[in-house]
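Written below as C-alpha cells is the structure these notes are about.
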Amino acid sequence: MFEFLRDYTKLPRHILLILGAEFFLQLINSSFLSNLPLYMLAERYTDGQIADATKYRYLGVLMSALFVGIYIRRKKLMPLFFIACTCVPVFAIGILYTVHLHNILLNHTMQLLWGSCFTCMQIPVLPFILRNSEAEHHTTGISLSYATWSAATILASILFSSLNFTNPVFFTESRLLYGMVACGFTGILLVSRVRVTEHVPVPEIKTNDKNTLRADRNIIVRALIPTLIIAVGAGFTIPFISLFFTNVHHLSNPAFNLTNLVASILILLAALLVPKIKKTIGYKVAIPTTQSCAIVALILMATTQYYNHLGISVYIAIGCFLLRQPLMNLAGPMTSEVVMKYVGKRNQEVVSALTAAIWSGSWFFSGLLFGILRDKGIDYVNIFLITAVLYSIGVFWYYLLIRDYEKRQAAGLVDL
C-alpha cells in the first residue's frame, strides 16, 4: 500500500537531516500562518492590522532573497542553514512578545528580520538537493522538501487542537505558539549532525556574448511569469483562510485547527505521491488538471459567503477547502522541478531566489491590498474570486511553459 514511500528511504542521510531541519522551521512557519492571526485577533487587533503585520514577514524575504540567491551561486550552503535554524526561532519569540505588548513598530521589525532569516533555509534547500544528490533522487528530494510544510502543519494542528480542547484556559494560542517556537530550535541539532563534502559549482568562464545573456534572461522571465501570477493570487487567500472561517462561518479555533489538520494530511499524501504521478501521467496532464479542479473548489468555497446564514454552508466550505488544498499543493514540487531544469544549472540559484522573492513580494503587496479591501468592507468572497481569476491565468501559462520545456528537452537544450 505504501510502496511509493520506498524511494524516500533511499535519499542520502545529509539530505534527510537538512530536510528534518526544514521541517522544524516549517513548524514555526505553519503555526504562525494558521494561528498567529487568531492570537492577534484575541489581542483585539483588526483584520487590517493583522494583514499589515503579516506582510512584513514577506517583505523580509523579498528584501533578502536576491542577495542570498546571488551569494550562494559559488558558495557552500551549510552556514546559511545554521543561520536560519538559530535566528528564525529567536525572532519568532520577538514577534509573539511584541504582539502582546502592542508595540507595532517593534513587531514589524521582528517580522521583517524573521522573513530575512527564513530565506537562509527557503532559498538554498533546493540547490542543496540538486547539488548534493544523484539525478534519480531529485524528484523525491524536492517532493519531500515540499512535504515538510504539510507534515509540520499536521503536527501543529494536532497539538493545537488536542491541547486547546483538553484545557483551553491554560493552552492558549500564545502558549501554544511559544511551544512551537521552542521545538523549532531542534533544527540546530540536525544541521550540526550533517557530515558531507558539499559540491560547489565550478565557476564558468565569463562570457560577454550578448545573445547568451539575453537568452538566459528570456528563459528566466518565461519560467517565472506563471509563478508571479499565482503568487499574487495566493497572497489574497492563503494567509487569511483562518479569518474567513472565523468571521464568515464563525468556526471555532479548535474546529479550524482540526480542519487544517485533515487538509494537511491530504496535502502530505499528495506531495509524497508526486514522483509516482510524474511517472504515470507526466507534467502536461498532472499540473493543469489538478490546478483547474482546485480553482473550482476555491470558487465554491468562497461563494458559501452568499448563503452563510444556512447551516449547511460551513460544511460545504470545509469540504471545498479539503479538496482545494491537496490539489493546489500537488503541483508545487512538479512546477519547481520543471522550472529549475528549464532554466539550466547556471541559473538555478538565481531562479530559486527570484521565486522566493516573487512569492514573498506578491504576498506582501497582496496582504497590503487585502487589508485595504477589508477596511473598506469588501467581502471575503470577492477577494477570493480575484484569486481564482489569477490562478486560472497562471495555470494556463504553466501549460504553455511545460510544452516549451518538452520541446527544448527533445531538442537537447535542457541542461539536466
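The values are calculated or read from the model by the stated rules, or taken from the named source; none is laboratory data. Not measured: the values here are computed from a predicted model. Neighbour counts run over all protein chains shown; Cβ positions are idealised from the backbone, glycine included. Keep in mind that these areas ignore ligands, DNA and RNA; they rest on the heavy atoms of the full protein, side chains included. Shrake-Rupley method; radii C 1.70, N 1.55, O 1.52, S 1.80 Å.
For Ile93, the test of being touching a residue at least 60 places away in the same chain (Cβ under 8 Å) and surrounded by 23 or more Cβ atoms within 10 Å (Cβ to Cβ) is failed. When Gly60, Gly69 are checked against the criterion of being out of contact with any Lys or Arg (no Cβ under 9 Å at 6 or more places or on another chain), farther than 30 Å from Arg374 by Cβ and open to solvent by less than 30 Å² (accessible area, probe 1.4 Å), a single residue qualifies: Gly69.
When each of Val99, Val88 is tested for being in contact with a Phe, Trp or Tyr (Cβ under 6 Å, 6 or more places away or on another chain) and of a type in the set (Val, Ile, Thr), the lone residue that passes is Val88.
Quick one: in region 349-391, of everything that is at negative phi and part of a loop (DSSP other than H, G, I, E, B), which residue is most open to solvent (accessible area, probe 1.4 Å)? By that ranking, first place goes to Lys376. When each of Leu266, Leu261 is tested for being in contact (Cβ under 8 Å) with a residue 40 or more places away in the chain and open to solvent by 40 Å² or more (accessible area, probe 1.4 Å), the lone residue that passes is Leu266. The C-beta contact set for region 1-25 (first residue modelled with pLDDT of 95 or more, second residue assigned to a helix (DSSP H, G or I) and open to solvent by 20 Å² or more (accessible area, probe 1.4 Å), distance under 7 angstrom, 6+ apart or interchain) comprises Leu17/Leu190; Leu19/Leu144; Gly20/Leu190; Ala21/Leu190; Phe23/Ala151; Phe24/Cys183; Phe24/Thr186. Of the residues making up region 337-365, those that are within 19 Å of Ile238 (Cα to Cα) and within 15 Å of the chain's Cα centre (by Cα) number 10.
Determine whether Phe396 is open to solvent by less than 70 Å² (accessible area, probe 1.4 Å) and either modelled with pLDDT of 85 or more or among the aromatic types (Phe, Trp, Tyr) (or both). In short, no.
Could you pull out the residue among Thr98, Thr54, Thr86 that is farther than 30 Å from Arg374 by Cα, open to solvent by less than 70 Å² (accessible area, probe 1.4 Å) and β-branched (Val, Ile, Thr)? Working first, answer last.
Working: Thr98 fails: farther than 30 Å from Arg374 by Cα; Thr54 fails: farther than 30 Å from Arg374 by Cα.
Of the residues listed, the single one that is farther than 30 Å from Arg374 by Cα, open to solvent by less than 70 Å² (accessible area, probe 1.4 Å) and β-branched (Val, Ile, Thr) is Thr86.
Conditions (1) open to solvent by 10 Å² or more (accessible area, probe 1.4 Å); (2) closer than 19 Å to Ser242 by Cα; (3) in contact with a Phe, Trp or Tyr (Cβ under 9 Å, 6 or more places away or on another chain), marked per residue:
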site: Ser116; (1), (2), (3): yes, no, yes
site: Leu126; (1), (2), (3): yes, no, no
site: His138; (1), (2), (3): yes, no, no
site: Ser150; (1), (2), (3): no, yes, no
site: Phe170; (1), (2), (3): yes, no, no
site: Gly184; (1), (2), (3): no, no, yes
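Across region 45-74, the number of residues qualifying as more than 21 Å from the chain's Cα centre (by Cα) and basic (Lys, Arg) comes to 2. Do we find that Ser162 is modelled with pLDDT of 90 or more, open to solvent by 20 Å² or more (accessible area, probe 1.4 Å) and of a type outside the set (A, V, I, L, M, F, W, C) in this structure? Answer is no for this residue.
Looking across Gly319, Gly377, Gly332, Gly344, one residue alone is out of contact with any helix residue (DSSP H, G or I) (no Cβ under 7 Å at 6 or more places or on another chain) and at pLDDT below 85. It is Gly344.
The residue of region 275-289 that is farthest from Ile402 (Cα to Cα), among those that are at pLDDT 85 or above and either touching a Ser or Thr at 6+ places or on another chain (Cβ under 8 Å) or open to solvent by 60 Å² or more (accessible area, probe 1.4 Å) (or both), is Thr289. Restrict the check to region 224-245 and report whether at least one residue is over 27 Å from Leu300 (Cβ atoms), modelled with pLDDT of 85 or more and open to solvent by less than 20 Å² (accessible area, probe 1.4 Å). Yes. Against the test of being β-branched (Val, Ile, Thr), without any contact (Cβ under 8 Å) to a residue 40 or more places away in the chain, in a helix (DSSP H, G or I) and under 18 Å from Gly332 (Cβ atoms), the options Val285, Val232, Val296 yield a single qualifying residue, Val285. What about Ser292, is it over 23 Å from Leu41 (Cβ atoms), surrounded by fewer than 17 Cβ atoms within 10 Å (Cβ to Cβ) and out of contact with any Ser or Thr (no Cβ under 7 Å at 6 or more places or on another chain)? So Ser292 passes the test.
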